[in-house]
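The values are calculated or read from the model by the stated rules, or taken from the named source; none is laboratory data. Bear in mind the structure is a predicted one, so any value in this text is a computation, not a measurement. No Cβ is skipped: glycine too gets one built from the backbone with ideal geometry, and neighbour counts run over all protein chains shown. Remember, those area values only see protein heavy atoms, side chains included, never the ligands or the DNA or RNA. Shrake-Rupley method; radii C 1.70, N 1.55, O 1.52, S 1.80 Å.
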2 protein chains.
Amino acid sequence: MSDIPAADTETEVNRLHAEKMLRRRAARERMMAEKTEERGLLIVHTGPGKGKSTAAFGMAMRAIGHGMKVGIVQFVKGAWTSGERAVFERFPDLVEIKALGEGFTWNTADRARDIRAAEAAFTEAKRMIADPSFKLVILDELNIVLRYDYLPLDEVLDALSAKPGGLHVVVTGRNAKPELIELADLATEMTMVKHPFRDGVKAQKGIEF
Amino acid sequence: MSDIPAADTETEVNRLHAEKMLRRRAARERMMAEKTEERGLLIVHTGPGKGKSTAAFGMAMRAIGHGMKVGIVQFVKGAWTSGERAVFERFPDLVEIKALGEGFTWNTADRARDIRAAEAAFTEAKRMIADPSFKLVILDELNIVLRYDYLPLDEVLDALSAKPGGLHVVVTGRNAKPELIELADLATEMTMVKHPFRDGVKAQKGIEF
């Protein structure tokens with residue numbers, strides 16, 4: 001930034017830049033041309049960072065924007081909040097939400113009750129997965145339920161394996177089981193690089209809830 | 001899962017579980033009680049994985065759900081698409097979008113034009129940041145523009161440092177500059193664990209766009 005290049009150097013920089021961009025565009029177009037299969041994806045958002053449920057929420061809104069019907073099962077209460085609900089309520093024909101978690105896992109000390117709630121949520125999840133009117137089903141915080149062995153992993157993997165070909169399913173929550181990632185088409189890990197709680201900032205409306 | 005524990009073992013498992021959960025709840029409540037500062041956050045979504053813009057979109061929708069006004073500047077065209085637009089158009093009083101990127105960086109070979117577009121987007125970003133009616137401003141794919149040195153990093157950091165105390169700003173895009181992460185209150189890295197393009201699946205409506 002300190003030296004201003006001579007005009008011919010600047011021209012050369014621009015020429016090299018243009019060549020690099022054209023190569024990338026060509027590579028991307030070749031890659032996209034090879035991708036011909038249309039199918040519903042099994043997507044996992046995991047990791048200790050933020051954005052797992054929020055990105056699923058963004059996908060739900062995007063699908064709604066396309067007129068696609070969305071089902072959401074909340075396995076743990078608290079991840080989806082008043083901000084989301086106010087928006088989803090604007091699209092009553094396109095969104096069905098089943099909130100069956102009894103509270104954050106660390107807010108309950110009753111394991112048997114948590115298991116019953118997880119089973120009820122899984123029943124709803126299976127119903128939505130089998131219902132062809134849904135194009136996207138979000139199983140929010142299912143990973144937490146699986147981590148605590150509140151549901152049999154094999155039964156969950158069976159249900160996900162049996163999903164209709166065109167249906168997208170998104171599973172969120174930290175500590176995704178390796179078997180689930182193995183089954184998934186797309187898995188993203190959100191990693192916390194920096195978190196404001198370290199610096200004494202409290203949770204913010206519109207950001208955290 | 002193979003052995004069914006005797007009743008007293010099951011009771012002991014539940015008792016230990018309840019104790020652990022109560023300890024976690026107490027720790028979380030202590031932590032939350034210490035967090036007293038309310039302030040707007042500078043948030044960065046970076047990394048090579050998916051969900052950076054989608055999570056920002058989810059945050060925008062959540063803020064809208066709270067009646068908070070949201071400004072969005074698209075530094076690179078393509079990250080926000082027809083699905084998002086259809087949803088945002090339902091809330092015309094609460095969302096202002098400025099799309100100034102001229103196309104994916106790898107879709108243009110004209111560096112001078114990209115720089116002009118980045119500068120125009122930055123002017124809009126500064127206007128939104130200074131306008132107290134906005135509660136959340138999303139600078140989508142700003143990191144890409146910074147990575148290519150299309151804007152002076154110092155000027156961008158100055159503008160972000162000068163944001164009003166109550167305003168939340170979200171910056172997205174891979175390859176965030178270390179200086180930006182240093183300035184941020186919260187930074188999340190999205191890492192790709194598994195991607196369907198590897199397996200020959202093409203981009204999907206409602207998922208990718």
Report summary line: Sorted by chain and then number, the residues having a modelled amide H within less than 5 Å of the amide H of B:Leu42, at least 5 places away or on another chain, are B:Val169, B:Asp185, B:Leu186
Requested in this report: Return the distance in nm (one decimal) between the two label points of a simple spin-label model at A:Arg39 and B:Leu16, each offset 7 Å from Cα along Cα→Cβ.
Outcome: 4.1 nm
Query raised in the report: Which percent of the accessible area of the range B:42-199 is formed by carbon and sulfur heavy atoms (probe 1.4 angstrom)?
Result: 49 percent
Requested in this report: Using a 10 Å cut-off on Cβ to Cβ distances, tally the other chain neighbours for every residue of A:64-76 and report the average as a whole number.
Outcome: 3
Query raised in the report: So, in nm, how far is label A:Ala26 from label A:Ala162 when the simple model puts each one 7 Å beyond its Cα toward the Cβ?
Result: 5.0 nm
**Report entry** Estimated buried accessible area (total), pair A and B, 1.4 Å, Å² to nearest 100
**Finding:** 7500 Å²
Query raised in the report: Listed here are the pairs A:Lys126/B:Lys69; A:Lys163/B:Lys177; A:Lys163/B:Lys135; A:Lys50/B:Lys126; B:Lys20/B:Lys52; B:Lys126/B:Lys194; which of them are more than 32 Å apart at the Cα?
Result: A:Lys126/B:Lys69; A:Lys163/B:Lys177; A:Lys163/B:Lys135; B:Lys20/B:Lys52; B:Lys126/B:Lys194
